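Down below is the structure, laid out as structure tokens.
Read-outs throughout are calculated quantities, based only on the coordinates presented, and are distinct from any laboratory measurement. Just so we're clear, the structure is a prediction, and the values are computed from it rather than from any experiment. Reconstructed Cβ throughout: ideal geometry from the backbone, glycine too, with neighbour counts over all protein chains shown.
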Amino acid sequence: MTSSAALRRRAAQLMRYATTSLVATATSLLILSALVASDTMRPAPANVIATLAGIVPSFEMNRRWVWGISGKPSIRRQILPFVALSFAGLLLSTLAVGIVGDVAEHAGWSPGATAVFSVVANLAAFGVVWIVQFVVLDRLLFKPVATTVAATTDQRLMQPQQ
């Protein structure tokens with residue numbers, strides 16, 4: 001059974017995760033919409049630039065604020081998988097935004113309309129990744145190794161001897 005204190009801690013963590021995602025997403029979408037609306041870049045390459053700009057702050061905010069992990073991050077256990085997740089989102093969102101860009105070009109949309117629909121496509125693609133990413137971050141990337149070992153040891157000590 002889960003205690004109400006544990007549920008409150010999990011709810012607070014989910015709120016921090018959502019806030020972190022909101023900050024990273026807002027940063028990326030501002031860059032994406034500015035690059036596309038100003039007709040500086042086509043939607044797909046603008047999406048790559050915008051998404052890359054949000055990876056480092058997202059990683060650090062998730063690691064430090066959402067999961068409370070400090071110290072030097074593990075390249076193999078944390079950074080590389082986080083970057084892989086981010087690139088999966090980048091690929092999916094760039095595909096979606098690229099499709100919007102092609103439709104916009106053939107339909108003769110204005111840069112402003114193209115920017116709006118590029119943002120919608122980006123959000124839809126990252127919405128799918130957001131849920132998967134939380135589970136992976138929680139269960140694998142930012143799960144404290146020492147806590148896992150201690151919990152396993154505690155469970156063994158609590159079991160009756162045979």
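What label, among (1) 116; (2) 133; (3) 165, belongs to volume of the Cα convex hull per residue in Å³ computed from the structure on display?
Only one option fits the structure, namely (2).
Once you charge only the Cβ atoms, +1 for Lys and Arg and -1 for Asp and Glu, what is the size of the charge dipole of the chain about its Cα centre, to the nearest 20 debye?
900
The range 62-111: which trypsin sites (Lys or Arg not before Pro) are DSSP loop and have at most 15 other beta-carbon atoms within 10 angstrom?
none
What FRET efficiency, computed as 1/(1 + (r/R0)^6) with R0 = 45 Å and r the Cβ-Cβ distance, is obtained for Leu80 and Ala107, rounded to the nearest 0.05?
Once the sixth-power term is evaluated, E becomes 0.65.
Could you line up Trp67, Trp130 from fewest to most neighbouring Cβ atoms inside 10 Å?
Lowest count first: Trp130, Trp67.
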